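Visitor: Quick one: the structure is below, questions incoming.
Values in this text are rule-based calculations from the coordinates and carry no lab data. Since this is a predicted model, take the numbers as computed values, not measurements. Here the Cβ positions follow ideal geometry from the backbone for every residue, glycine too, while neighbour counts run over all protein chains shown.
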Amino acid sequence: MTAADIADLIYRSKKTTVLTGAGISAESGLATFRDALTGLWERFDAEQLATPEAFERDPALVWGWYEWRRAKVAMAEPNEAHRALAQLQAARPQTIVVTQNVDDLHERAGSRNVMHLHGSLFAPRCARCGQRHVFAATPAMEPEGGRHIAPPVCVACGGKVRPGVVWFGEPLSPTTWSKAEAAAANCDLLMVVGTSGLVQPAANLASIGRRAGAFVVVIDPHPTAIDAICTHRLQGKAGEVLPRLLQQARIIA
């Protein structure tokens, strides 16, 4: 099937769901978990910092890393893929965006009600009582004192505030996952953009959509684990492919 055929699917879709992964934000310059850490963090392993055990062992180290990541995101800008999806959602309000990313680039591009399967860098909460915490300021790129930054104290119970992300070994939010499953099961077109398809259960959304009869379109510059079950695949960067598809679909000018 050609790009023009896929554009026609987008044009005719009554209910589109889009699943995005690290690849879409990588095009804005944000490193993925598979990339080696750099600078202050080059001797650390990202997966070893992203666990409840790491936070319990050294909360200042883990909080410092997430503040560094939040600063990186604050310096990044949404790219053409983020903007194209926001335009699609504006033109077709029934479009649902589900992301594995913990940044806010979809929202800053204009997307609404984004489902963050793995949480958000911008939604910290108390590790003890779950109270939401509001950041007081944008983080510094190279905070004084090096890598360690003591986490804030919860105003409700005095506990330590933790990053609002889903760590390795933690379950997804049941509410968010239930909504994402429903979005995959009830769409007629599921686009999978910038994800390797290796992270579960998020990658299972493609199978849910396919079993429900949706067209499943993968957009990625590299082979993915979802290629075997998708109905169509377009190789290329999301920032180049998505705007072109939406132009052909007469969604954007």
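Visitor: Antiparallel versus total DSSP beta bridges in the chain: what percent is that, nearest 5?
Guide: Numbers: 5 of 25 bridges.
Here the antiparallel bridges make up roughly 20 percent for the chain.
Visitor: For the pair ARG108/ARG250, report the inter-label distance in nm, with labels modelled 7 Å from Cα in the Cβ direction.
Guide: So the label points at ARG108 and ARG250 sit 3.5 nm apart.
Visitor: Which one is right for this structure if Kirkwood radius over Cα pairs in Å is calculated from it: (i) 20.8; (ii) 20.3; (iii) 18.9?
Guide: Evaluating Kirkwood radius over Cα pairs in Å on these atoms matches (iii).
Visitor: Could you pull out every one of the aspartates and glutamates with an alpha carbon less than 14 Å from that of LYS14, ignoring same-chain neighbours closer than 8 positions?
Guide: Within the straight-line limit of under 14 Å, LYS14 reaches these aspartates and glutamates: ASP188.
Visitor: Between THR138 and VAL153, what is the spin-label point distance in nm, taking each point 7 Å from the Cα along the Cα→C-beta axis?
Guide: The modelled label-to-label distance comes out at 2.9 nm.
Visitor: Kindly put LEU246, LEU172 in sequence by how many other C-beta atoms sit within 10 Å of each C-beta, fewest to most.
Guide: Numbers: LEU246 21, LEU172 16.
Neighbour counts put them in this order, fewest first: LEU172, LEU246.
Visitor: Another question, if that's okay. Most mobile of MET75, MET191, MET115 per a Gaussian network model of the chain (Cα springs, under 10 Å)?
Guide: Of the options given, MET75 has the highest mean-square fluctuation.
Visitor: Quick one: work out the % antiparallel among DSSP beta bridges in segment 135-253, nearest 5. Spell out each step's value before the answer.
Guide: Numbers: 1 of 10 bridges.
Antiparallel: roughly 10 percent of the beta bridges in segment 135-253.
Visitor: Output the peptides 99-112, 2-15 sorted from most to least packed, where packing is the average of other Cβ atoms within 10 Å over each peptide's residues.
Guide: On the way: 99-112: 22.0, 2-15: 15.1.
In descending order of packing, they fall as 99-112, 2-15.
Visitor: Now a separate question. Just to verify a number: FRET efficiency for ALA3 and ASN186, C-beta to C-beta distance, R0 = 22 Å, to 0.05?
Guide: On the way: r = 26 Å, r/R0 = 1.17.
After rounding, the FRET efficiency stands at 0.30.
Visitor: Provide the gained length on full extension for the span PHE44 to MET75, in nm with one decimal, where the gain is 0.36 nm per separating residue minus the Cα-Cα distance.
Guide: Values: separation 31, 0.36 × 31 = 11.16 nm, distance 2.21 nm.
In short, 8.9 nm is gained.
Visitor: Could you list VAL18, VAL153 so that the one with the fewest beta carbons within 10 Å of its beta carbon is first and the one with the most is last? Before the final figure, lay out each step's value.
Guide: Values: VAL18 26, VAL153 13.
Placing the least packed residue first, the sequence is VAL153, VAL18.
Visitor: Right, something else. Pick from PRO201, PRO243, PRO78 the residue whose mean-square fluctuation is largest in a GNM of the chain, springs joining Cα atoms under 10 Å.
Guide: Per the Cα network of the chain with a 10 Å cutoff, PRO201 tops the list.
Visitor: Further question: Work from the charge dipole of the chain (Cβ charges, +1 for Lys and Arg, -1 for Asp and Glu, about the Cα centre) and give the residue of PRO201, ALA185, TYR66 farthest towards its positive end.
Guide: It is ALA185, whose Cα lies furthest towards the positive end.
Visitor: If you don't mind, another one. How far apart, in nm, are two points set 7 Å out from the Cα along the Cα-to-Cβ line at ILE229 and at ARG57?
Guide: 3.4
Visitor: Could you give me D for segment 91-141, from Stokes-Einstein at 20 °C and 1.002 mPa s, where the hydrodynamic radius is the Kirkwood radius over C-alpha pairs? Units µm² s⁻¹, please.
Guide: Translational D for this selection: 167 µm²/s.
Visitor: Where does the charge balance sit around ARG250 when Lys and Arg score +1, Asp and Glu -1, over other residues with C-beta under 13 Å from its C-beta? Don't skip to the answer; put the middle values down first.
Guide: Working: positive: ARG12, ARG92, ARG244; negative: ASP8.
Net local charge, ARG250 excluded: +2.
Visitor: Excluding same-chain residues fewer than 8 positions from LYS72, which lysines have a Cα within less than 22 Å of its Cα?
Guide: Partners within reach: LYS237.
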